[in-house]
Amino acid sequence: MGQISAQNHIPHISKKTPWRSSIMNRLRRDKWLYLLLLPGLLYFVVFKYFPMWGILLAFQNYQPFTGFWKSEWVGLEHFRLFFENPEFYMLLRNTLLLSFYNLIFFFPAPIIFALLLNEVRQVFFKRTIQTMIYVPHFISMVIVASLTYVFLTTEGGTVNELIFQYTGDKIQFLSDPSWFRPIIILQTIWKECGWGTIIFLAALAAVDVEQYEAATIDGANRWRQTWHITLPAIRSTIVILLILRMGSVLDNGFEQIYLMLNPLNRSVGEVFDTYVYAMGITQGAFSYSTAVGLFKSVVGVILVLGANWLAKRFGQSGLY
Amino acid sequence: MRFMAKTYRTPAGMTFDTINYIVLTLFGLAAVLPFVYVIAGSFASDAELTSRAVFFIPKSFTLNAYEFIFSTDTIVRSIGISLYVTVIGTLVNLFFTLTMAYALAKRGLYGRNLVLNLVIFSMLFGGGMIPTYLVVKELHLLDSLWALMLPGAISAFNLIIVKNFFQEIPIEIEEAGRIDGCSEIGLLGRIVLPLSMPVIATFTLFYAVGHWNDFFASLLYINNPEKWPLQVMLRQIVLLSQAAAGDLNSMDPNFVKPPDQSIKMAVIVVGTIPILCVYPFLQKHFAKGVLLGSVKG
């Protein structure tokens, strides 16, 4: 929070008071501020820090009827069960593959899109396209999944009707496991690609026009200018977004996966988040699913900090 | 950038521009045409939906699908619940976020850094789905609409942005207010909030869209079908194809039931329209919000 600006709050200078009474004075003086702080602080304690304490469930055999205090401690038993479960490898594979495809196909999309938009000179055209491509970002995942169903279902789905007219056949997009990952990635690209351009366009707007002028005079063509001026201008943005992406390798977006999941594509679709939901909420295995969730978030924190450290090693500013 | 126009008017440059404009137009259309098709389809007749694969203007104009939707108790109720949660939930968000951000914006506040670190740590690590669920359960909030509003009352990210904005307000303005006899709460209400209207508008929209679109919290905390918001109902109707079964029997026998497809489309439209209505404001404010977030503070 290193910000250079005027002190917002002028401390009352009390001469020669012992520190204890000076703290009491400050507390008394700021009582209204503490009153304002209270609701938010309560929120963080109750809904953020109580659950963190609840992680201890992962080392217990928690039963809702016996309660937290009387449940039996089992140490790492749930973790052992989880790692020995063949489902663990299925979950790990599904999660990592989705993240990998996401990185390969989705991550570069907004960058390319922003570069293309950056080449447009007509302001009106650029604005219009931007207005259009931001729309899907604000649409809920349920609507995105609903649109996917309306288009792809075999019972009167628009795309399948078209395919049927030409080939006399229908494709089981929604239940065939081999279509699951492509559909998820396409949904992500459709929903977030346009929105993802904003941050790059902002970085590009900050580039000094004189750099392009100088490059033009030096005989650089458009491609050279993109390579030597435009891309370096967004390099640090790309690195920061990559760090964030790395840190969330195990997050596949619960809502999206859950909505597209069905018993037929479970073998490729089930990921850690949906598994935690299925085991914990649906089947009531609270301790086991807490252990699974804890494994996931610990790996997530390690990945974020690791990627951040790496970025700093390579001379980028990093996040923390 | 006018100087570039000259250098780009080479054959290669013009070819690139043409292709670029075409590609961008296609992307733009791909983003909005699904909605246009679904809106058109929701007004189309049964026969037209099965005979014409893709169209953007229905030949047969009918309101059957909408009449059906608004004649069912379940869908109308879920729309009401969504509106209620969006309005009240956003007020809850604003109350919690603004009060806390104002207190944290005071650099002299004793214990400020501790609280700030608590907030930042909660962004990096959390209890996860099950422990949070159990906390909500212990508070007896399951199946209560408060479960959709309280567990997400503050987004730590938004809180920090608002706090940074409050810190930017010149201290002299507040000092003047204090000299005129304004209390700390009066300062917030009469000086700081009016000065922060653009930021507050941005976060009102952030939170409101989040509530309208929320599916996860309802899935987790609401089991009673009578308290399902629209997003959950949408999933039931479109993904699980369980049309409002209870209401089908109580319907007017003369009513011709529209095809499932057009009902689905109409429900999708109902779920989308509020977002499209505020979209002009969203686009303006959200882009600003994203950039606000990218400023370290």
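Here are some notes:
- Taking B:165, B:16, B:95 in turn, the Gaussian network model of chain B (Cα-Cα springs below 10 Å) assigns the largest fluctuation to B:16.
- Based on alpha-carbon atoms, the Kirkwood radius and the radius of gyration of chain B give Rg/Rh equal to 1.08.
- Chain A: proportion of alpha-carbon pairs further apart than 39 angstrom, %: 37
- Across q = 0.06, 0.12 Å⁻¹, the protein assembly as shown modelled as identical point scatterers on its alpha-carbon atoms has Debye log10 I(q)/I(0) values of -0.39, -1.44, in the order of the q list.
- Qualifying GluC sites (Glu not before Pro) for region A:60-129 [loop in DSSP, other Cβ within 10 Å: at most 13]: none
- Sorted by Cβ neighbour density within 10 Å, fewest at the top, the residues A:296, B:137: B:137, A:296
- The aspartates and glutamates whose alpha-carbon is closer than 13 Å to the alpha-carbon of residue A:126, local same-chain residues fewer than 8 away aside, are B:17.
- Exposure proxy shown here: for A:288, B:37, A:166, the number of other Cβ atoms within 10 Å sets the order, fewest to most, as A:166, B:37, A:288.
- The chymotrypsin sites (Phe, Trp or Tyr not before Pro) of region A:42-99 that meet both conditions, a loop assignment by DSSP and at most 15 other Cβ atoms within 10 Å of the site Cβ, are A:65.
- Taking B:102, B:279, A:101 and counting other C-beta atoms within 10 Å, the order from fewest to most: A:101, B:279, B:102
- Between helix B:11-42 and chain B: long-axis angle, C-alpha atoms, 0 to 90°, nearest 10: 70
- For chain B, the longest principal axis of the alpha carbon atoms and the long axis of helix B:260-293 meet at an angle near 20°.
- Springs between Cα atoms under 10 Å define the GNM used for chain A, and in it the highest mean-square fluctuation of A:22, A:297, A:71 occurs at A:22.
- DSSP H segments from chain A that extend 30 Å or more along their own axis, Cα-based, with Kyte-Doolittle mean of -0.5 or above: A:177-205, A:286-313
- Under-23-angstrom lysine pairs by C-alpha in chain B, whenever the two are 8 or more apart or on separate chains: 11
- Taking amide hydrogens as placed 1.01 Å from N in the peptide plane, the amide H of residue A:60 sits under 5 Å from those of A:74, each at least 5 positions away in sequence or on another chain.
- Positive contributions from Lys and Arg (+1) and negative ones from Asp and Glu (-1), summed over other residues with Cβ under 14 Å from the Cβ of residue A:102, come out at +1.
- Look at the stretch B:118-127: the mean tally of other chain Cβ atoms within 10 Å of its residues' Cβ atoms is 6.
Where a number appears in this text, it was derived from the coordinates with a stated rule and is not lab data. What you see is a predicted model, and the numbers here were worked out from it, not measured in a lab. For neighbour counting, all protein chains shown are included, and Cβ atoms are generated from backbone atoms with ideal geometry for every residue, glycine included.
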